1. What single numbered condition from (1) under 15 Å from residue 70 (Cα atoms); (2) without any contact (Cβ under 8 Å) to a residue 60 or more places away in the chain fails to hold for residue 129?
2. Any idea which of (1) closer than 20 Å to residue 371 by Cα; (2) at pLDDT below 95; (3) open to solvent by less than 60 Å² (accessible area, probe 1.4 Å) is the one residue 283 doesn't satisfy?
3. Report whether or not residue 508 is under 27 Å from residue 325 (Cα atoms), in a loop (DSSP other than H, G, I, E, B), open to solvent by 10 Å² or more (accessible area, probe 1.4 Å) and of a type in the set (S, T, N, Q).
4. Residue pairs, Cβ under 6 Å, 6 or more apart or interchain, first in segment 376-404 and farther than 16 Å from residue 459 by Cα, second open to solvent by 60 Å² or more (accessible area, probe 1.4 Å) and modelled with pLDDT of 95 or more. List them.
5. May I ask you to say which residue of 382, 373 is assigned by the TED database to the domain that holds residue 325, under 21 Å from residue 590 (Cα atoms), at pLDDT 95 or above and of a type outside the set (A, V, I, L, M, F, W, C)?
6. Give the residue that is most open to solvent (accessible area, probe 1.4 Å), with candidates limited to residues of segment 121-140 that are closer than 20 Å to residue 79 by Cα and in a loop (DSSP other than H, G, I, E, B).
7. For segment 373-408, which positions are of a type outside the set (S, T, N, Q) and touching a Ser or Thr at 6+ places or on another chain (Cβ under 8 Å)?
8. Take the residues in segment 565-588 that are surrounded by fewer than 22 Cβ atoms within 10 Å (Cβ to Cβ) and either among the polar types (S, T, N, Q) or outside the structural domain of residue 466 (by the TED database) (or both), then tell me which one is nearest to residue 165 (Cα to Cα).
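The values are calculated or read from the model by the stated rules, or taken from the named source; none is laboratory data. Remember, it's a predicted structure, so these values are computed and weren't measured experimentally. Quick reminder, even Gly has a Cβ in these numbers, built from the backbone with ideal geometry, and neighbours come from all protein chains shown. Quick note on the areas: whole protein, heavy atoms, side chains included, nothing else; ligands and nucleic acids left out. Shrake-Rupley method; radii C 1.70, N 1.55, O 1.52, S 1.80 Å.
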Amino acid sequence: MWHRLRSALWRLRGLPAVLTGCGRPPVGRGAMERAVVRCVPSEPKLSLRFVLPNGSAKHMQRDQAEPLGRALARIATNAAKGHAKAPKKSKKARAEGGPAGEAAAAEPAVRLFSRDGEAVAEEVPNGAAWQDGAVLQIGEAQYRVERNPPTLTELQLPRSLLAGFPVCPKVSAEFAAPQHCLFRWYHEQRPGAGEEAAASDGDPAWVEVAAAERVFTPSNALVGLRLKLRCTPGDGTQRFGPPCEVESNGPVEAGPGACTFDSRHLYTKKVCGEGSVRVVSYNILADTYAQTEFSRTVLYPYCAPYALELDYRQNLLKKELAGYSADLICLQEVDKSVFVDSLAPALDAFGLEGLFRIKEKQHEGLATFYRRDKFSLLSQHDITFSEALLSDPLHKELCDKLAKYPLVQEKVLQRSSVLQVPVLQSTTHSSRKICVANTHLYWHPKGGNIRLVQIAVALSHIKHVACVLYPTIPVVFCGDFNSTPSSGTYNFINSGSIAEDHEDWVSNGEEERCNMPLSHPFKLLSACGEPAYTNYVGGFHGCLDYIFIDRNALEVEQVIPLPSHEEVTTHQALPSVSHPSDHIALICDLKWK
């Protein structure tokens, strides 16, 4: 299905990656062979790879500071040894060509010439000597030096392919960037198709499709057929490395038909214009929770088992997120492997850069994506609530108050909830900066008092970032707050304060009573209002997710309608074969005032 070259192999061999199915670069080099040099300033050694005229491959590692002459002498010795290991001559050949050992004994002349044809002095350090375009001469053989050519280190296709859903390969490269790579897609020739479907490159098993982009969406006509991708790494300077190929493990399967997000995509076909920002907040349901026996039998018994499988849900999720054409995406319940292997590569193909923050003691966390051509990352200020409460002087007053309620304090400190806070800057208006916060608060229905403490820490931390570190920058605060509009947490965020006698301070009974007045300086507004629900499962539905914005600096331009109740309940509840999570994404377009 895929070919992977791990970084450990790089360190072990010091060689450019050569994946199974890789070939020569598409750019012609004349009759000259290649001498591939990998030289990275942060590493003490460089590597050199070439093939001797007798066909034996040579891999060498040399100190970058070593004089070139020593490296050339070693190449000469290796070349002589390689010649000695060549197939033995026949008696007739030996008679015509002289003694068998004569050629083996003599070391060939080895020299390195610069681009302009001048011999490189032997005292020049290796790191400076082996430049791109130089020529290595070993006897009569010549090699064109390719220093740090674009090289693929990983090329991977998703395990599950659905017709009508984008296929986003995972592409990792060194000295190259996915956006500069060349992509060619193929599908299997359908059995019995005959000569009418002639494949390219003389391979009768594969037919090239018209798509030449990184992302390919197979049509219904390809159901039952496997896909193949050929990728040629490039660096944006018309310099390309050897191409590699990867074949899908299984065939394209039929899609589920209409999905809950299809109608929403009608509002988000294009990216927002300059001055506007489209924001998405979405709890995507971590696989670590969806794949438990409890989830299958108690939480989501109405959901078809295959629709809870990660590969299936990821197909839906990638299509859904890509179709929103968002500038900022804040996700909760993101498995680390899902971020690394699926979402980050997929959304990268659509122009989004991703940041991830895992929860301690758990395998899932938060992910925030931003559109690269609209924003650049200035800084990150992520925290774990429990750690910040104990160690950051910002929260000393709150920590001291909480110490009076040891049962509540213990529960707060046991939680692994985190807050992700990147600060972004507009790529077109440098004066426009924005503080994006993303969180997922404690889930328990009786944990209102815990959530109040967590949100107090969050808002205090955001205040430090948005009012002290970057004075007066606007705030967008997204997340699954596990709080309905009638809760103390929502009331506190929305109004700026909460009384010490609010009922949520005794949400888990008198034993865990915790009475503390709280306040914060922001004027925050729920950009999507108070929907009837953002979470819809068999035993519960309610509004738990919000996009809070700084009403002094931002205003709502458009709220993308949520799916209709009929769409949500088509398969009884969420998740379903047409919706990948038990939550519904919130989407709105904002603009600076």
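1. (2)
2. (2)
3. On the way: under 27 Å from residue 325 (Cα atoms): no; in a loop (DSSP other than H, G, I, E, B): yes; open to solvent by 10 Å² or more (accessible area, probe 1.4 Å): yes; of a type in the set (S, T, N, Q): yes.
No: the conditions fail for residue 508.
4. 376/427
5. Numbers: 382 fails: under 21 Å from residue 590 (Cα atoms).
Criteria check complete, one pass: 373.
6. Among them, the one singled out is 140.
7. Here is the first cut: in segment 373-408, the residues of a type outside the set (S, T, N, Q) are 373-375, 377-378, 381-383, 385, 387-390, 392-408.
Correct list: 373, 374, 375, 385, 394, 395, 398.
8. Here the answer is 578.
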